[in-house]
Amino acid sequence: MTKNFYDEDDLIKKSDVGLNFQKLKKFDEAEKIYQTLITDFSSHFFPFYLMGTLKIEQGDLQEALTNLEKSLFYNKKYLQTYINLSYLYFKNKDYLKTEEILKNGIYLDHKNLQLKLNLSQLYLIQGKLKKVIDIDYQILKINPNNYFVINRLHDLGQDVLTKEVKLNLKEVVNKTTLPIDNQIYVNFLLSKYENKISRYKQEYNYLSKAHDLIYQVNKVYFQENNSLIFNKLKNIHNYFDEGLALESFSEKNKNISPIFIFGLPRSGSTLIEKIILKGAVNFISGEETRIFNSLVDNIYSEEPQINILQSLEKIDKSFAQLMQTNEMAISFTDKSLNNFFFLGWIKKLFPNAKFINCKRDPYIIISSILRNNLQNLTWAHKLNDIMTYIDIYQDTLKKWQEEFGINYYEVNYADLIDDFESETQKLFEYCKIDWSSDLINFNNNEYISYTASNIKIRERLSHSEDEKHEGFANFLSTK
């Protein structure tokens with residue numbers, strides 16, 4: 001028999017027990033309690049909400065969505081449901097539904113910072129920059145010292161680095177009571193003031209402090225992942241077997257010519273993908289996924305038996321699912337950051353794959369990495385780590401080419417800006433895509449970008465971006 005709302009105390013007590021199990025990662029015990037609550041309080045929103053958040057943590061996003069939609073049906077005033085639902089719709093790339101749910105939540109509470117930040121981020125990845133600016137200014141009216149938003153507005157060309165803001169930043173920069181995220185962006189913002197007057201040593205000091213804070217918060221994970229990259233992944237090509245037979249895969253995949261784009265961060269890979277997708281209308285863009293993780297896990301697991309073929313089957317299925325997302329697509333681009341580690345296996349999976357290496361002045365790249373919070377890149381927060389990664393990148397490409405004959409086409413960022421027409425003609429000839437003079441209007445295309453380049457790629461091509469980094473890059477070259 002369904003309990004009524006007079007049993008609210010019982011609901012709260014049992015919910016607290018379940019939440020404690022969930023906090024302790026005892027998910028089975030938590031789920032049993034939440035399921036009992038759903039049975040006992042079948043018309044109450046909260047048990048469905050709890051089950052939804054549990055399923056998010058377990059990675060079962062479809063079940064999470066089902067439960068949170070039920071929770072919203074029973075209570076349209078609980079704002080956390082809107083926040084979690086917006087996350088799930090966003091993950092499903094249902095951007096219209098994401099926008100709808102966020103606006104509905106904001107209608108209930110127009111001062112809710114999380115909902116507004118989520119809406120701003122949604123507009124950012126879609127390139128709707130005017131809407132980003134509008135929402136960010138709304139956020140600053142609610143929270144004038146939101147340093148993350150001030151930093152983003154500056155990157156969007158807004159005149160927010162005033163004397164008053166600088167005085168505020170100087171006042172709080174050494175306050176240890178300031179939340180760590182705010183400390184990080186205070187230092188990023190102070191570095192921008194130093195950059196404006198070309199005081200590169202002081203800029204570097206503030207940037208180093210910001211990155212040190214990022215590193216300290218994530219120290220254990222960063223050190224473990226850097227160890228994997230610097231000590232193991234750099235030699236992963238040693239596990240490549242040129243004689244590995246993949247007939248069943250290659251027969252299925254030989255009729256498509258996917259384009260794998262790689263390059264150091266900030267080297268123009270996002271730009272190149274955007275240009276290609278403008279010309280190759282039957283291509284879809286690959287996801288920024290960790291699609292080759294199963295191969296890495298297999299090779300470097302503690303198990304004595306390495307089964308690379310089994311891992312490649314999983315990877316092949318992941319790519320097949322990507323192709324099923326769009327009936328019109330005949331192939332895809334993929335610019336996952338770590339593609340360069342796996343060129344031999346990619347060529348095995350897709351015999352007609354095209355490889356594009358994006359090149360840019362390494363010190364411009366280092367300058368850009370340091371000036372941004374690439375928090376998901378564990379090696380992007382210490383100058384020595386960045387330079388080590390660049391060395392590994394260059395050595396890995398050389399080994400694939402010299403030892404296994406894996407060739408790739410190189411696009412130089414500066415050459416592309418100097419002679420867009422000629423460089424894109426050569427690129428499209430390599431990719432076997434029809435070139436058109438309309439390609440110069442590639443920025444008119446809708447393009448979803450989750451990378452730190454999602455502001456820069458909306459701008460017109462020019463040398464101004466390199467020129468912004470030139471002074472700091474020269475300083476870094478002396479370090």
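The values are calculated or read from the model by the stated rules, or taken from the named source; none is laboratory data. Note that the structure is predicted; figures quoted are calculated from it, not measured. Here the Cβ is made from the backbone with ideal geometry for all residues, glycine too, and neighbour counts use every protein chain on show. All accessible areas refer to the heavy atoms of the entire protein, side chains included, with ligands and DNA or RNA removed. Shrake-Rupley method; radii C 1.70, N 1.55, O 1.52, S 1.80 Å.
Some observations on this one:
- Take every pair of alpha-carbon atoms less than 8 Å apart whose residues are at least six positions apart; their mean separation over the length of region 1-106 yields a relative contact order of 18 percent.
- Carbon + sulfur, % of accessible area of region 81-190 - ligands and nucleic acids excluded, 1.4 Å: 52 percent
- Computed accessible area, Asp466, all protein chains, 1.4 angstrom probe, square angstrom: 30 Å²
- Phe46 accessible area, 1.4 Å probe, all protein chains in place, Å² to nearest 10: 40 Å²
- Where Leu213, Leu113, Leu122 fall by accessible area, highest first, once all protein chains stay in place (1.4 Å): Leu113, Leu213, Leu122
- Under 30 Å between alpha carbons - lysine pairs in region 219-280 that sit 8 or more apart or on different chains: 8
- Spatially near lysine pairs across region 36-106, Cα under 19 Å, sequence gap of 8 or more or different chains: 12
- Solvent-accessible area, 1.4 Å probe, carbon plus sulfur percent, for region 10-53: 58 percent
- Listed residues Arg199, Arg371, Arg152 arranged by accessible area, highest first, probe 1.4 Å: Arg199, Arg371, Arg152
- With R₀ set to 30 Å, the beta-carbon distance separating Asp7 from Asp94 gives a calculated FRET efficiency near 0.25.
- Full extension of the chain segment joining Ser477 with Leu309 gains 56.1 nm, where the gain is 0.36 nm per residue of separation less the Cα-Cα distance.
- Over the chain, relative contact order from alpha-carbon pairs under 8 Å, at least 6 apart, %: 14 percent
- Probing with 1.4 Å while keeping every protein chain in the model, the per residue accessible area of the chain equals 51 Å².
- Taking the protein heavy atoms of region 382-447 in the context of the full set of protein chains, the accessible area attributed to carbon and sulfur is 38 percent at 1.4 Å.
- Accessible surface of Leu79 - all protein chains present, 1.4 Å probe, nearest 10 Å²: 40 Å²
- Under the simplified labelling scheme, the Leu79-Leu228 pair shows an inter-label distance of 3.7 nm, with each label point 7 Å from Cα along Cα→Cβ.
- Each Lys and Arg adds +1 at its Cβ and each Asp and Glu adds -1 at its Cβ; summed about the Cα centre, the chain shows a dipole of about 1280 debye.
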